[in-house]
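Please read the structure below before turning to the comments.
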Amino acid sequence: MKWSVYFLLLLLAACSSLPPAIEDAPLVDISYPQAVQAIGSYQAAPVRWGGVIVDVENEQTSSLVQVLSYPLNSYGRPRLDKPYQGRFIIKSQEFLDPAVYAKNTEISVAGKLSGDEVRLIGKKELRLPVVSASVIHLWPDEPRTECYGGYGMGFGYSPYFGYNPYYWGGYYRPYPRWR
């Protein structure tokens, strides 16, 4: 019995596909607005930020990814339903292919704050915080579906109410809107 519990715990621990640095927030979680107000006082502080990719620039020794910052959920995924907070730059020593790190892709990064850079966005100069990346995670596209919000009768088929395609086995499931 004891071995089966250990095996089950090992199996559940292996189910997580996220890097631990992305899934777990740092002990002192510095938010984007805090860092922008006093970037000098948070030099080399660990952060976990995310958002949507705006631009990728590859230099000779590093890659720079400009990100539109959004707050993160508990798993480290950007919450696009919340208002954006500003922009920041991810600096990586690896080559980041712009075809993979495409515009409008959701991204999360764990790393350390390494200062700021001045960037020209349109005709406005902005100081953007720079995160030296230790872990970068691209999020796969999730199809946005609407859920059936009614009440069901029976388990998929009832001789009294007919077949209900939105109620299977006692659970409501997301379904695509038929057009």
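The values are calculated or read from the model by the stated rules, or taken from the named source; none is laboratory data. Since the structure is predicted, the reported quantities are computational estimates derived from the model, not experimental observations. When we count neighbours, we look across all protein chains shown, and the Cβ atoms used for this are built from the backbone with ideal geometry, even at glycine. In case anyone asks, the SASA skips ligands and DNA or RNA and just uses the protein heavy atoms, side chains included. Shrake-Rupley method; radii C 1.70, N 1.55, O 1.52, S 1.80 Å.
Here are the numbers:
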{"item": "Of all residues making up the range 67-97, the number that are open to solvent by less than 60 Å² (accessible area, probe 1.4 Å) and under 19 Å from PRO140 (Cβ atoms)", "result": "10"}
{"item": "Subset of the range 46-66 that is under 25 Å from LEU80 (Cα atoms) and among the small types (Gly, Ala, Ser) - its residue that is surrounded by the fewest Cβ atoms within 10 Å (Cβ to Cβ)", "result": "SER63"}
{"item": "Search result, residues across the range 100-131 that are under 15 Å from TYR42 (Cβ atoms), open to solvent by 30 Å² or more (accessible area, probe 1.4 Å) and under 20 Å from the mean Cα position of the chain (by Cα)", "result": "LYS112"}
{"item": "Test: residue in the range 90-99 that is assigned to a strand (DSSP E or B) and among the aromatic types (Phe, Trp, Tyr)", "result": "no"}
